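The values are calculated or read from the model by the stated rules, or taken from the named source; none is laboratory data. No experiment lies behind these values; they were computed from the predicted model shown. Virtual Cβ from ideal backbone geometry, glycine too; neighbours counted across all protein chains shown. Remember, those area values only see protein heavy atoms, side chains included, never the ligands or the DNA or RNA. Shrake-Rupley method; radii C 1.70, N 1.55, O 1.52, S 1.80 Å.
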Amino acid sequence: MLPFDDALRRILESAPALPSERVSLEQSVGRVLAEDLIARAPLPGFDYSAMDGYALASNELSGPGPWSLPVRGESRAGALAPPLAPNSVCRIFTGAPIPDGADSVVMQEDVARDGESARFTTPPTPGSHIRRRGEDLAEGAIALARGTRLNAFHIGLVAAVDRADVLVARRPKVAILCTGEELRQPGAPPVPGTIPDSNGPSLAAMVWSAGGVTDIRPRTGDTLAATEEALRAALRDSDLLLTVGGVSVGEHDLVRAALSNVGAQLDFWKVQIRPGKPLAFGRLDETLILGLPGNPVSAQLTFALFGMPLLRAMQGDNKPVPPRGRARLHSALRHNPGRTDFYRAQLDGELALTASNQASGSTASLAYADALLVVPAESTDLAAGESVEMIRLAEL
Ligand code: AMP
Ligand code: MG
């Protein structure tokens, strides 16, 4: 059985680089930059005022204040500024260009306006309330590096450096094939003995949030022939195939046999983790295959821990693996050495309260959890107050 880290490394190393495509800013959230985005001009592009007030040349002020100077001209956002007339101030507004000849802005709150002249007592220091051309980014600087997964703030910067589109990795295509006679569509009339397919929709949501597109295949029953046929169809034209269920060792667990019959090569099919030991990974030609266990918590967590990083790595994401933090155990935690365990927990500040139900079928405990506590395979029981590693589910 492979330790967790080895399994993750093997999966990430096998990630093929997807080709890139150009998309508009509106479509770019969550996508991964396939180019260094260069600032073609300084940001900001010109010196501008950070305040409503009066622009002036500070070296023209003589003697001790207060000073009173005539107001000549106006600079407002969206227009060119007139040059500063000698021995005067220019009315200026936030975002407006600094007039040639001016080197500072006195803010409106510090000025008494008396007809055509402006009176103020505080001497301005050169540069005050001026945002300089290029102070945010110099011309030619890398605004965003290749491999950045674009969030709303990145998109703001892309727009600020005057781009309407970006080069990103193509979305990986992910086929999702759930197996099991017992499964039905959520919301469909309940036939006794059947259960709603809860993994399919959850996995689809994770695929989307990791930048992929889904191809949700019709569910298949537990016969070898039907499973092979469903696999052949699902493998066509996808970058990643997810199978769900049927990879453990029961008589009706046919997915591993069916995968091998259709010609897939399995790299491994067991990982030393809990939940989720029977996790298969392999490929057929260009399509990677993750065979997830059927138990909802196992299926969803193994995909979160291995599948989402894989999809991100395929897109060239330079941070494909979720960050880990630390929390303190609220109560003692029993742990049998042997497998890396991922315990569902709720967080209260830095305290972690493990869910009382850690069964791998407990979808509610997963839905209510804030974090997974990562307890290494070699660890024994942990006492209350001990510090443990954790992954916040919101950061997956
Ligand atoms: P299996 O891995 O096929 O033996 O399934 C293990 C457990 O997970 C069984 O209780 C299944 O009914 C359940 N299960 C399998 N697939 C799904 C699914 N897509 N949604 C909800 N439960 C499932
Ligand atoms: Mg099954």
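Beta carbons closer than 6 Å, at least 6 apart along the sequence or on distinct chains, pair a first residue in the range 204-222 that is at negative phi with a second that is open to solvent by 30 Å² or more (accessible area, probe 1.4 Å) and more than 16 Å from ligand 2 (Cβ to nearest atom) for ALA204/THR214; VAL207/THR214; GLY212/ARG171; VAL213/ARG171; VAL213/LYS173. Scanning the range 364-395 for residues that are farther than 16 Å from PRO337 by Cβ and surrounded by 17 or more Cβ atoms within 10 Å (Cβ to Cβ) returns SER365, LEU366, ALA369, ALA371, LEU372, MET390, ILE391, LEU393. Screening THR243, THR214 for residues that are open to solvent by less than 20 Å² (accessible area, probe 1.4 Å), within 16 Å of ligand 1 (Cβ to nearest atom) and assigned to a strand (DSSP E or B) leaves exactly one candidate, THR243. State whether the residues of the range 299-306 include one that is farther than 24 Å from ALA394 by Cα, open to solvent by less than 30 Å² (accessible area, probe 1.4 Å) and within 16 Å of ligand 1 (Cβ to nearest atom). No: zero hits.
Within the range 350-373, residues that are touching a residue at least 60 places away in the same chain (Cβ under 8 Å) have Cβ atoms under 9 Å from residues that are charged (D, E, K, R) and surrounded by fewer than 19 Cβ atoms within 10 Å (Cβ to Cβ) in these pairs: LEU372/ARG392, counting only partners at least 6 apart in sequence or on another chain.
Filtering the range 10-49 to residues that are closer than 28 Å to SER238 by Cα, under 20 Å from the mean Cα position of the chain (by Cα) and not in a loop (DSSP other than H, G, I, E, B) leaves ILE11, LEU12, SER20, GLU21, ARG22, VAL23, SER24, LEU25, GLU26, GLN27, VAL32, LEU33. Against the test of being within 15 Å of ligand 1 (Cβ to nearest atom), among the aliphatic types (A, V, I, L, M) and open to solvent by 30 Å² or more (accessible area, probe 1.4 Å), the options ILE195, ILE176, ILE142 yield a single qualifying residue, ILE195. For the range 246-278, which residues satisfy the criterion of being of a type in the set (Gly, Ala, Ser), surrounded by 15 or more Cβ atoms within 10 Å (Cβ to Cβ) and within 16 Å of ligand 1 (Cβ to nearest atom)? GLY246, SER248, ALA258, GLY276 - these are the residues of the range 246-278 that are of a type in the set (Gly, Ala, Ser), surrounded by 15 or more Cβ atoms within 10 Å (Cβ to Cβ) and within 16 Å of ligand 1 (Cβ to nearest atom).
Reported count of residues in the range 160-172, each being open to solvent by 40 Å² or more (accessible area, probe 1.4 Å) and in contact with a helix residue (DSSP H, G or I) (Cβ under 6 Å, 6 or more places away or on another chain), is 0. Summed over the range 217-230, the residues that are surrounded by fewer than 17 Cβ atoms within 10 Å (Cβ to Cβ), in a loop (DSSP other than H, G, I, E, B) and away from ligand 2 (no atom under 13 Å from the Cβ) give a count of 1.
Just one of the listed residues (LEU150, LEU183) is in contact with a helix residue (DSSP H, G or I) (Cβ under 9 Å, 6 or more places away or on another chain) and either within 16 Å of ligand 1 (Cβ to nearest atom) or closer than 30 Å to SER248 by Cβ (or both), and it is LEU183. Scanning the range 147-198 for residues that are of a type outside the set (Lys, Arg), within 16 Å of ligand 2 (Cβ to nearest atom) and out of contact with any Gly (no Cβ under 7 Å at 6 or more places or on another chain) turns up LEU177, LEU183, GLY193, THR194, ILE195, PRO196, ASP197, SER198. Among the residues of the range 377-396, just one is in contact with a Phe, Trp or Tyr (Cβ under 9 Å, 6 or more places away or on another chain) and more than 13 Å from ALA345 (Cβ to Cβ), namely ALA377.
If the condition is being surrounded by 19 or more Cβ atoms within 10 Å (Cβ to Cβ) and part of a loop (DSSP other than H, G, I, E, B), then the range 336-357 contributes only ARG339.
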